């Protein structure tokens, strides 16, 4: 064997540099880029991935140690994945080894050999088919599983598509000999199945969008698909994916939240069957590994996934779709603070394939890239199927009496809606009963001891909870700072979804009311069951948080009431107006999606705010132009790029002292046009028991910002205070406070 002399290795360690190792002559296989190796590291051993094989090293030969073991004979990391990881390491200034480690399934991050995939399939037996045909199966879940098995075998991947514990039902059916389990080696031969009958005919705007995107299928281009809610963006995605699968290739579709998974998976599965794979953080390690293997083998697949799915190996990838591209959920807020949307764009560029960013409310950054001609702009201006957009009405509630946060005009509109046999959705992005609890005798307020935040009352459970750190305590547990005894005589201030549900029950005792938030849909299948009730007409009034604001079709909802617009509109963030407008239009899009026209009522104390004029007239693109001019004059993204240097510690002074030292040394080294702001305490200075402070670094050009961050990273290890704080860099920070 002609072995290379040296291997460049990305070691799984929080260090930003790579390391060279020598290649022993007695290896049984040739080391390749993307294979795992076990290497000596410091005083121990670490796993890493080979990033380069070479005959020469720049390091002194007496400093280079041989690898201990070549773990893989074939690469687990593809060349495309490695290029993407190297870009992310440079752009986000993060250790390459830790990024590469995250590309692997949990089961492949150690020394264990990664076994070839074995296919598990449950086939319907002759007895099971007889039972299915005769209607002898009992229970909706058994019927659903047998129905699926009658059409095609059930796999571990398809088990995830059911809204209940399908694995338990399958075990029951195997015990009855109605299903049988078979094992076989996974085939990498193309196996394409498409249900053409389930595709809808594209309207002219959709057809134009489809043709524009598919015109150059083997060339990189980012397309921003700006389609109003209900315009049929998903149908365009489905047609694009069909064209990819028909070529025997792969597609990646990113969605922002797990809560949207079941609905969109159902739509894709109805068209593409078992070619749909699902990846998100709630899957078990084994399930994620199976999806990873399946995708890595290049089988014709459409991978639906949340943020982390952007790193999945797809050697035959020919299309990427990022749905709801504006959504803040695409930004990771810990560890590698990457934007899955931005990583997806780079992945498409490296692979030379098209990418579609879809949204009814595109981000300012994406719209600015269209203005600069970096992205193509495609519009779907009308709703599909003849549905008309909802009308907007801004309710000036200054001086009006409120019952549980509801004004009389809103209550009247709800009554009229339900009397007509339609459904109303009340939106409030605040779960719990009330956000503030105080003692009526002394005025003491129940605060979280670990965060600069109020404890939220969850009255039905009799609990006070912090929505930031998870503190959970009984209403009647003593507080050391409160000397009046327990909180039996308390006042609840503000309104949450739990209180709105209670108010509805009192005002509308004969109406069927449903609350959807993370408290009521924590168990698997609860959200799907709730949406089934809504669409079956079993609900009159729906109270919900952001979980119901996007991606869902409620055919009988004609009224949307936004209870507390002002809290979002005046949030402590320069993106507050942008995010407010996006949220309003997203939740408004739930109204009037079928034949009946929708109405949106927005309660506010500031009816003259300019954003309401844009929203009421349906002029989102003009709102973006207005916002971009404001950002330009204020020197804020996207006219400038920014990063946050964050620090936290158990003592209040330590983060500020550390950041002050960084700024003092960094400021004289800054390139022209780069500015530093801070250090200042974070808006929520104390969180989860740690005190936090930030420095904002901004520049006109990404290159200048990157140079500044490199210099900061060179300074930090030499500061005596660096070991006393936990610090991080957040490039393109979305949460600046």
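The values are calculated or read from the model by the stated rules, or taken from the named source; none is laboratory data. Bear in mind the structure is a predicted one, so any value in this text is a computation, not a measurement. Because the Cβ atoms are built from the backbone with ideal geometry, glycine has one as well, and the counts that use them run over all protein chains shown.
Regarding residue 29, is this residue farther than 29 Å from residue 310 by Cβ and at pLDDT below 85? Answer is yes for this residue.
Residues checked against (1) in the same structural domain as residue 499 (by TED's automatic domain parsing); (2) surrounded by 19 or more Cβ atoms within 10 Å (Cβ to Cβ):
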residue	(1), (2)
404	yes, no
408	yes, no
412	yes, no
416	yes, no
420	yes, no
425	yes, yes
428	yes, yes
439	no, yes
443	no, no
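Residues that are over 34 Å from the mean Cα position of the chain (by Cα) and farther than 18 Å from residue 408 by Cα within the stretch 481-521 comprise 481, 482, 483, 484, 485, 486, 487, 488, 489, 490, 491, 510, listed in sequence order.
So which residues in the stretch 605-622 are more than 29 Å from the chain's Cα centre (by Cα) and not in a loop (DSSP other than H, G, I, E, B), if there are any at all?
610, 613, listed by residue number.
In the stretch 576-592, of all residues being under 21 Å from the mean Cα position of the chain (by Cα) and in a loop (DSSP other than H, G, I, E, B), the one that is farthest from residue 422 (Cα to Cα) corresponds to 589.
To keep it simple, each residue is scored yes or no on (1) modelled with pLDDT of 90 or more; (2) surrounded by 15 or more Cβ atoms within 10 Å (Cβ to Cβ); (3) assigned to a loop (DSSP other than H, G, I, E, B); (4) under 23 Å from the mean Cα position of the chain (by Cα).
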residue: 85; (1), (2), (3), (4): yes, yes, no, yes
residue: 113; (1), (2), (3), (4): no, no, yes, no
residue: 123; (1), (2), (3), (4): no, no, no, no
residue: 127; (1), (2), (3), (4): no, no, no, no
residue: 130; (1), (2), (3), (4): no, no, no, no
residue: 138; (1), (2), (3), (4): no, no, yes, no
residue: 141; (1), (2), (3), (4): no, yes, no, no
residue: 144; (1), (2), (3), (4): no, yes, no, no
residue: 148; (1), (2), (3), (4): no, yes, no, no
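Restricting attention to the stretch 326-382, the residues that are under 20 Å from residue 252 (Cβ atoms) and part of a strand (DSSP E or B) add up to 10.
Would you say residue 105 is over 23 Å from the mean Cα position of the chain (by Cα) and under 28 Å from residue 310 (Cβ atoms)?
Details: over 23 Å from the mean Cα position of the chain (by Cα): no; under 28 Å from residue 310 (Cβ atoms): yes.
So residue 105 fails the test.
Here is a yes/no grid of residues against (1) under 30 Å from residue 591 (Cβ atoms); (2) crowded, with 22+ Cβ neighbours inside 10 Å; (3) touching a strand residue (DSSP E or B) at 6+ places or on another chain (Cβ under 9 Å):
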| residue | (1), (2), (3) |
| --- | --- |
| 220 | no, no, yes |
| 229 | yes, yes, no |
| 241 | yes, yes, yes |
| 252 | no, yes, yes |
| 267 | yes, no, no |
| 277 | no, yes, yes |
| 285 | no, no, no |
| 298 | no, no, yes |
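Each row is one residue, and each column tells you yes or no for (1) exposed (fewer than 12 other Cβ atoms within 10 Å of the Cβ); (2) under 33 Å from the mean Cα position of the chain (by Cα); (3) assigned to a loop (DSSP other than H, G, I, E, B); (4) in contact (Cβ under 8 Å) with a residue 60 or more places away in the chain.
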{"site": "25", "(1), (2), (3), (4)": "yes, no, yes, no"}
{"site": "28", "(1), (2), (3), (4)": "yes, no, yes, no"}
{"site": "33", "(1), (2), (3), (4)": "no, yes, yes, no"}
{"site": "38", "(1), (2), (3), (4)": "no, no, no, yes"}
{"site": "46", "(1), (2), (3), (4)": "no, yes, no, no"}
{"site": "49", "(1), (2), (3), (4)": "no, yes, no, no"}
{"site": "52", "(1), (2), (3), (4)": "no, yes, no, no"}
{"site": "56", "(1), (2), (3), (4)": "yes, no, yes, no"}
{"site": "73", "(1), (2), (3), (4)": "no, no, yes, no"}
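Criterion applied to 692, 711 was being in a strand (DSSP E or B), in contact (Cβ under 8 Å) with a residue 40 or more places away in the chain and either buried (at least 21 other Cβ atoms within 10 Å of the Cβ) or touching a helix residue (DSSP H, G or I) at 6+ places or on another chain (Cβ under 7 Å) (or both), and the one residue passing it is 692. Taken over the stretch 89-111, residues that are under 17 Å from residue 288 (Cα atoms), part of a helix (DSSP H, G or I) and modelled with pLDDT of 85 or more amount to 4.
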